[in-house]
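Structure record follows, encoded as structure tokens.
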Protein chains: 2
Amino acid sequence: MKIRNMEQFAAASGISRPTVSKYFNDPESVRKSTRERIEAALEKFDYRPNFYAMNQNRRLTKNIGVVVANLADPFFAEISRNIEQLIVEAGFRPILVSSHGSPEEEADALDSLRSIKPAGVLLGPLGRTSDSEAVRAFCNDVPTVLFDSDIEGAGEAFVGSDNDQSIGLIVDYLCRTGEPPAFFEMDQPPNPNAFKRRNAYLAAMDRLGHAPNLVQVPGEGWDFEEIGFREGTRLMSENALPTNTVLCSNDRLAIGFLSAAYELGKKVGLGSDCVLRVAGHDDHPFSRYTCPSLTTVAQDYRAIADTATRKILNIIETGEREEGRKTHLFDGKLVMRGSA
Amino acid sequence: MKIRNMEQFAAASGISRPTVSKYFNDPESVRKSTRERIEAALEKFDYRPNFYAMNQNRRLTKNIGVVVANLADPFFAEISRNIEQLIVEAGFRPILVSSHGSPEEEADALDSLRSIKPAGVLLGPLGRTSDSEAVRAFCNDVPTVLFDSDIEGAGEAFVGSDNDQSIGLIVDYLCRTGEPPAFFEMDQPPNPNAFKRRNAYLAAMDRLGHAPNLVQVPGEGWDFEEIGFREGTRLMSENALPTNTVLCSNDRLAIGFLSAAYELGKKVGLGSDCVLRVAGHDDHPFSRYTCPSLTTVAQDYRAIADTATRKILNIIETGEREEGRKTHLFDGKLVMRGSA
DNA sequence: GATTTTCTTTTACGCCCGTAAAGATTTGAA
DNA sequence: TTCAAATCTTTACGGGCGTAAAAGAAAATC
């Protein structure tokens with residue numbers, strides 16, 4: 001016999017439909033003996049409630065939107081993998097969407113999520129280029145927790161890395177072990193972390209009593225490796241680098257920069273035959289395999305994913321939009337490899 | 001005034017509800033003047049039909065599932081980006097799910113997609129490790145087009161790369177310009193393309209009258225870079241490479257291998273000071289930035305995404321499950337860079 | 001202008017399930 | 001055993017929309 005709807009399934013399991021409905025909403029909400037009878041029937045008939053009918057009249061669906069700036073960036077791929085897993089474990093359903101680096105797509109994604117009535121949303125926004133009005137409007141309607149990039153006043157909370165701490169860490173390290181670093185970055189970075197990191201660099205250099213060296217190269221958009229390669233090539237072939245130590249604003253820039261150094265025959269690393277030290281920030285999954293392997297600061301992916309997810313689940317379950325927007329920042333860890 | 005449902009929106013636009021419903025199902029299905037009136041009202045009231053109510057009674061939803069083996073792999077990230085875009089342009093809604101390299105998650109993903117009643121699914125399966133019974137069962141219920149990895153007898157069609165052609169191309173090139181290559185691969189690759197490539201290598205070498213050299217290193221799972229690095233290090237430090245030219249089964253293995261060569265001080269490339277040539281396969285987004293940059297064969301991402309998407313859209317629109325499962329294979333293009 | 005064709009309106013029903021309220025039953029503690 | 005609390009059943013309604021059929025209106029054809 002083929003079960004067609006909850007009515008029939010309820011009959012087959014010998015439980016009333018409202019109770020079965022309650023079970024599917026939250027298995028713990030029914031008595032143990034009832035739960036067992038339903039689960040026994042489930043084994044026999046493999047029925048699943050109609051997804052659409054189920055969500056139509058629910059005050060809150062069991063869907064949680066996950067919007068990331070750019071899935072092609074392994075950082076976001078990795079963090080959304082963690083988040084998805086946690087959401088599933090909590091009995092919710094993740095809906096993963098990428099903005100592909102475009103503000104319009106980000107706004108579209110939020111708009112489109114709205115029609116799915118998610119119980120909550122985890123948003124890793126574009127940042128500087130986001131349509132911040134649209135984002136704030138969305139956050140007013142749907143409980144949202146931001147991660148990675150902050151947008152002022154948007155969402156219930158922000159979870160990210162403490163750029164002051166992490167940049168401080170690597171600047172300390174670089175200064176301690178050689179020439180103080182110059183800071184290599186794009187002049188128009190899409191991501192607000194870039195600004196925080198720049199300021200953190202300036203502060204750290206100041207604290208250590210060194211004159212800062214900002215190297216701001218023309219560049220916008222998300223093709224970081226390309227920009228790092230192109231501008232690195234230009235700077236090095238013009239001998240325009242102010243120091244022999246370069247701290248890149250993120251690992252993807254550093255990956256391009258290292259590639260440029262290799263092509264130009266400039267040996268990077270710590271050995272006596274090396275002319276350059278290069279460091280990055282993020283511990284991008286590929287940075288272990290650059291040549292030489294990249295010294296960097298690891299962001300605590302798991303802690304970020306974990307905290308952001310717990311935060312949104314808590315808001316959903318208590319129904320309380322917390323008062324006072326909170327910010328959770330995690331420390332980075334120094335990852336010493338061959339490049340600096 | 002706030003529009004709460006289609007009834008109210010229909011009233012506000014001066015059109016009957018069934019016609020409005022028809023419009024949302026397919027804007028082209030109503031008269032132009034009617035369409036214009038509805039769209040004028042849309043500007044004023046920004047109403048959107050309830051996603052759940054909308055899909056509940058439709059024979060076919062406007063959702064298309066996109067399931068990929070591993071979103072953390074930039075190949076899948078890139079191809080799913082293309083697919084998503086094409087689906088949106090066609091007026092459908094993509095639902096992106098990653099299996100994260102796990103057969104259980106793949107089966108779960110399909111199961112979970114089923115309850116969403118997708119009009120069709122584009123599946124880039126794990127391949128060898130897939131639960132092929134579950135996949136075939138799914139394909140029986142839901143029109144599915146496979147891409148990247150094939151599973152025999154599953155789905156309406158398969159779209160991928162012609163490994164015979166692409167491997168032939170690079171083997172030809174390598175033989176023409178130096179010592180014939182050895183083929184570097186894992187002994188337990190998760191992906192069936194690996195087997196096809198191995199056979200293509202054997203055939204190409206045979207055709208050119210060279211003795212083949214298979215280097216099968218212990219390795220399973222998806223940590224290709226790690227395996228390439230570890231086993232590359234081992235082989236090179238033991239001087240166990242049979243030739244000075246290595247063709248890796250895919251770019252990610254090559255990335256690890258190149259990193260290992262660098263660490264060991266073995267110069268890779270074409271110069272007279274180089275002791276090794278290394279090539280890959282796929283044109284992975286990162287392969288431009290390896291040291292030296294990686295010579296490889298580019299898969300035609302766009303053509304694969306395009307064909308697979310058009311295929312599923314066609315099946316959906318005509319309602320015909322084509323008879324006779326078709327296979328579409330695209331040629332690779334040689335990408336000559338520094339490593340070989 | 002008459003006729004055919006195409007599109008729209010009206011009316012009505014059903015999809016599958018969430019939810020509410022009231023009464024019946026079970027459970028667990030006093 | 002008694003009684004209150006927890007849980008379940010029954011009954012009933014409604015959500016927002018797809019869809020079908022019949023009748024009406026508009027556009028296209030001649």
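The values are calculated or read from the model by the stated rules, or taken from the named source; none is laboratory data. The shown structure was predicted, so the numbers you read here are calculated from the model rather than taken from an experiment. Counting neighbours? That spans all protein chains shown, and the Cβs are built from the backbone with ideal geometry, glycine included.
Taken as a whole, the structure places residue A:192 among residues that are out of contact with any helix residue (DSSP H, G or I) (no Cβ under 7 Å at 6 or more places or on another chain) and either within 27 Å of residue B:85 (Cα to Cα) or outside the structural domain of residue A:240 (by TED's automatic domain parsing) (or both). Going by the structure shown, is residue A:231 assigned by TED's automatic domain parsing to the domain that holds residue A:176, surrounded by fewer than 19 Cβ atoms within 10 Å (Cβ to Cβ) and not in a strand (DSSP E or B)? So residue A:231 fails the test.
Among what's in the stretch A:11-22 and is within 8 Å of DNA strand D (Cβ to nearest atom) and either within 14 Å of chain B (Cβ to nearest Cβ) or assigned to a helix (DSSP H, G or I) (or both), pick the residue that is surrounded by the fewest Cβ atoms within 10 Å (Cβ to Cβ). Selected residue: A:18.
Go through the stretch A:133-173 and give me each residue that's touching a Ser or Thr at 6+ places or on another chain (Cβ under 6 Å) and either among the basic types (Lys, Arg) or part of a loop (DSSP other than H, G, I, E, B) (or both). Within the stretch A:133-173, A:151, A:155 qualify.
Scan the stretch B:189-202 residue by residue and report those that are surrounded by 15 or more Cβ atoms within 10 Å (Cβ to Cβ) and assigned to a helix (DSSP H, G or I). Give the derivation first.
We begin by selecting, within the stretch B:189-202, every residue surrounded by 15 or more Cβ atoms within 10 Å (Cβ to Cβ); these are B:189-198, B:200-202.
Within the stretch B:189-202, B:192, B:193, B:194, B:195, B:196, B:197, B:198, B:200, B:201, B:202 qualify.
Is there a residue being part of a helix (DSSP H, G or I), outside the structural domain of residue B:129 (by TED's automatic domain parsing) and over 23 Å from residue B:169 (Cβ atoms) anywhere in the stretch B:203-226? Within the stretch B:203-226, one or more residues are part of a helix (DSSP H, G or I), outside the structural domain of residue B:129 (by TED's automatic domain parsing) and over 23 Å from residue B:169 (Cβ atoms). Screening residue A:46 with (1) charged (D, E, K, R); (2) within 9 Å of DNA strand D (Cβ to nearest atom); (3) within 13 Å of another protein chain (Cβ to nearest Cβ) gives one miss only, at (2).
Note on the stretch B:112-136: residues that are within 12 Å of chain A (Cβ to nearest Cβ) and free of Cβ contacts under 8 Å to residues at least 40 places away in the same chain amount to 3. Of all the listed residues (B:24, B:75, B:9), the sole one being in contact with an Asp or Glu (Cβ under 8 Å, 6 or more places away or on another chain) and aromatic (Phe, Trp, Tyr) is B:75. The conditions of being surrounded by fewer than 18 Cβ atoms within 10 Å (Cβ to Cβ) and either within 14 Å of DNA strand C (Cβ to nearest atom) or at pLDDT 90 or above (or both) are met by residue B:115.
For residues that are assigned to a helix (DSSP H, G or I) and within 6 Å of DNA strand C (Cβ to nearest atom), tally how many sit in the stretch A:42-55.
First pass over the stretch A:42-55, keeping only residues assigned to a helix (DSSP H, G or I): A:42-45, A:51-55.
Applying the additional criterion that residues be within 6 Å of DNA strand C (Cβ to nearest atom) yields A:53-54.
Number satisfying all stated conditions: 2.
Restricting attention to the stretch B:301-331, the residues being assigned to a loop (DSSP other than H, G, I, E, B) and in contact with an Asp or Glu (Cβ under 7 Å, 6 or more places away or on another chain) number 4. Within the stretch A:16-43, residues that are aromatic (Phe, Trp, Tyr) have Cβ atoms under 6 Å from residues that are within 8 Å of DNA strand D (Cβ to nearest atom) in these pairs: A:23/A:30, counting only partners at least 6 apart in sequence or on another chain. Residue A:258 - would you say it is touching a residue at least 40 places away in the same chain (Cβ under 8 Å), within 11 Å of chain B (Cβ to nearest Cβ) and surrounded by 15 or more Cβ atoms within 10 Å (Cβ to Cβ)? Yes: the conditions hold for residue A:258. Counting the residues of the stretch B:284-297 that are within 14 Å of chain A (Cβ to nearest Cβ), crowded, with 20+ Cβ neighbours inside 10 Å and either touching a Cys at 6+ places or on another chain (Cβ under 8 Å) or not hydroxyl-bearing (Ser, Thr, Tyr) (or both) gives 6.
Restricting to the stretch B:1-10, and then to whatever is of a type in the set (A, V, I, L, M) and modelled with pLDDT of 90 or more, can you tell me which residue is farthest from DNA strand D (Cβ to nearest atom)?
Of the stretch B:1-10, the ones of a type in the set (A, V, I, L, M) are B:1, B:3, B:6, B:10.
Remaining after also requiring modelled with pLDDT of 90 or more: B:6, B:10.
Working: B:6: 3, B:10: 9 Å.
By that ranking, first place goes to B:10.
Answer yes or no: is there a residue in the stretch A:61-70 that is in a loop (DSSP other than H, G, I, E, B), over 29 Å from residue B:284 (Cα atoms), modelled with pLDDT under 95 and within 16 Å of DNA strand C (Cβ to nearest atom). Spell out the reasoning first.
Looking only at the stretch A:61-70, we keep the residues that are in a loop (DSSP other than H, G, I, E, B), and these are A:61-62, A:69-70.
After this cut, where a residue has to be over 29 Å from residue B:284 (Cα atoms) as well, the list is A:61-62.
Going one step further and asking which of them are modelled with pLDDT under 95, we end up with A:61-62.
Now drop any that are not within 16 Å of DNA strand C (Cβ to nearest atom), which leaves A:61-62.
So far as the stretch A:61-70 goes, yes, one or more of its residues are in a loop (DSSP other than H, G, I, E, B), over 29 Å from residue B:284 (Cα atoms), modelled with pLDDT under 95 and within 16 Å of DNA strand C (Cβ to nearest atom).
Residues in the stretch B:269-287 that are on the phi > 0 side of the Ramachandran plot and in contact with a helix residue (DSSP H, G or I) (Cβ under 8 Å, 6 or more places away or on another chain): B:282, B:283.
Every residue, every condition in (1) away from DNA strand D (no atom under 16 Å from the Cβ); (2) surrounded by fewer than 19 Cβ atoms within 10 Å (Cβ to Cβ); (3) within 17 Å of residue B:88 (Cα to Cα); (4) in the same structural domain as residue A:314 (by TED's automatic domain parsing), yes or no:
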position: A:56; (1), (2), (3), (4): no, yes, no, no
position: A:73; (1), (2), (3), (4): yes, no, no, yes
position: A:80; (1), (2), (3), (4): yes, no, no, yes
position: A:85; (1), (2), (3), (4): yes, yes, no, yes
position: A:88; (1), (2), (3), (4): yes, yes, no, yes
position: A:95; (1), (2), (3), (4): yes, no, yes, yes
position: A:100; (1), (2), (3), (4): yes, no, yes, yes
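Condition first: within 14 Å of chain B (Cβ to nearest Cβ), touching a Pro at 6+ places or on another chain (Cβ under 7 Å) and under 22 Å from residue A:292 (Cβ atoms). Can you find one or more residues in the stretch A:266-274 that meet it? Yes, that holds for at least one residue. Taking the numbered list (1) at negative phi; (2) more than 14 Å from every other protein chain (Cβ to nearest Cβ) in turn, residue B:109 passes all entries but (2).
Report yes if residue A:109 is within 20 Å of the chain's Cα centre (by Cα), assigned to a helix (DSSP H, G or I) and not acidic (Asp, Glu), otherwise no. Here the answer is yes, as residue A:109 does meet what is asked.
Note on the stretch A:28-41: among residues that are in a helix (DSSP H, G or I) and loosely packed, with under 15 Cβ neighbours inside 10 Å, the one that is farthest from DNA strand D (Cβ to nearest atom) is A:40.
Looking across the stretch A:49-58, just one residue is within 7 Å of chain B (Cβ to nearest Cβ) and of a type in the set (A, V, I, L, M), and that is A:53.
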